[in-house]
């Protein structure tokens, strides 16, 4: 039987020990009977490439890896902003559109609205239309979701599995508790045949 | 002939005068023979919905709007971070995966690496592996692209039209110069039949 391949999306690719984390994630995948696929798995030939060409090539390789997978487990832990990494957001949009099942986790439990207000240094005010707005007049989502509604909407439409945990502060991008819960849920869904129904 | 529909992705939906900006964008679309489709076009019935349900419903409506369009013009101007709005990043991933042609513009000309270093308060250092890293050891992309390589990669693979302009500081999310250049490029591509080739 062909192994079920899981694309491991998330900003941990930026870590100094990214490959090690990738191997840890793959080991957890194995435990649940999956084959983990890490964005850095396919080495990109850097020879004779300008920095731009290299970047564009990595993007192409990653899209091909997503296409080659059955599921995506995305790390939506906020990255350099109140929201998930934009690369990861892009990848789940890409995956969901072509029917891949998308699971997600975040290692920060604080609500999205609270995170956004904090990132704006508290410079927000309630406007006459009832919306909370920043100094540029742009509103802050208050629909009690985990991140921008397009991200929550994706997971809700795909698998309804968005695991929220609070990782130790020094393990924001390495803690794998929520990640493992996604894989466990994926395994359960496959067992119950839900994978083919929704 | 069926009109060519353009989905207008971008963080301007958060503006207090979002609908007005939407109408301005649609007028520019008309000028180039396109029908502009703004995320707020389909009113969502808020009755008997919890905030969460409302958020998830808007997400579903937006995905349906993207599917109903032929092209996407995305505003990738950095939003509350050094990068584009995550909702917009998600939407271009979704659109590109199902073969919609994606054009983009940004109203901030400063390079991605420079924007990221600034957002990190300059707290970065060059590591022994040659990479520029933040205080968590996570590297900063230096491949001379406009944003995270997945976003640039999308536009490169789809249309190669990512227009970079520097808008007046008070018009970051309302300036439409780059937007209009995208539409002009889209019109040219359709005229030359390139729309069906790449």
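Here are some notes:
- Conditions (1) under 20 Å from residue B:110 (Cα atoms); (2) touching a strand residue (DSSP E or B) at 6+ places or on another chain (Cβ under 6 Å); number of the one not met by residue B:127: (1)
- Residue check for residue A:9: under 16 Å from the mean Cα position of the chain (by Cα) and either farther than 23 Å from residue B:156 by Cα or surrounded by fewer than 17 Cβ atoms within 10 Å (Cβ to Cβ) (or both): no
- Scanning region B:134-168 for residues that are over 21 Å from residue A:52 (Cβ atoms) and at the interface with chain A (Cβ under 10 Å from one of its Cβ atoms) yields a count of 4.
- The sole residue among B:93, B:99 that is closer than 26 Å to residue A:87 by Cβ, within 12 Å of chain A (Cβ to nearest Cβ) and surrounded by fewer than 24 Cβ atoms within 10 Å (Cβ to Cβ) is B:99.
- Search result, residues across region B:47-76 that are surrounded by fewer than 21 Cβ atoms within 10 Å (Cβ to Cβ), more than 13 Å from every other protein chain (Cβ to nearest Cβ) and in contact with a helix residue (DSSP H, G or I) (Cβ under 9 Å, 6 or more places away or on another chain): B:70
- Condition met for residue A:87 (touching a helix residue (DSSP H, G or I) at 6+ places or on another chain (Cβ under 6 Å), within 25 Å of residue A:28 (Cβ to Cβ) and either at pLDDT 95 or above or in a helix (DSSP H, G or I) (or both)): yes
- Qualifying residue in region B:23-31 (condition: within 30 Å of residue B:119 (Cα to Cα) and either surrounded by 14 or more Cβ atoms within 10 Å (Cβ to Cβ) or within 12 Å of chain A (Cβ to nearest Cβ) (or both)): yes
- Where strands (runs of 3 or more DSSP E) fall wholly inside region A:104-190, the ranges with 1 or more residues that are out of contact with any helix residue (DSSP H, G or I) (no Cβ under 7 Å at 6 or more places or on another chain) and either without any contact (Cβ under 8 Å) to a residue 40 or more places away in the chain or crowded, with 18+ Cβ neighbours inside 10 Å (or both) are A:124-126, A:132-134.
The values are calculated or read from the model by the stated rules, or taken from the named source; none is laboratory data. Keep in mind the model is a prediction, meaning the values are calculated, not measured. Note that we place each Cβ from the backbone using ideal geometry, even for glycine, and neighbour counts take in every protein chain shown.
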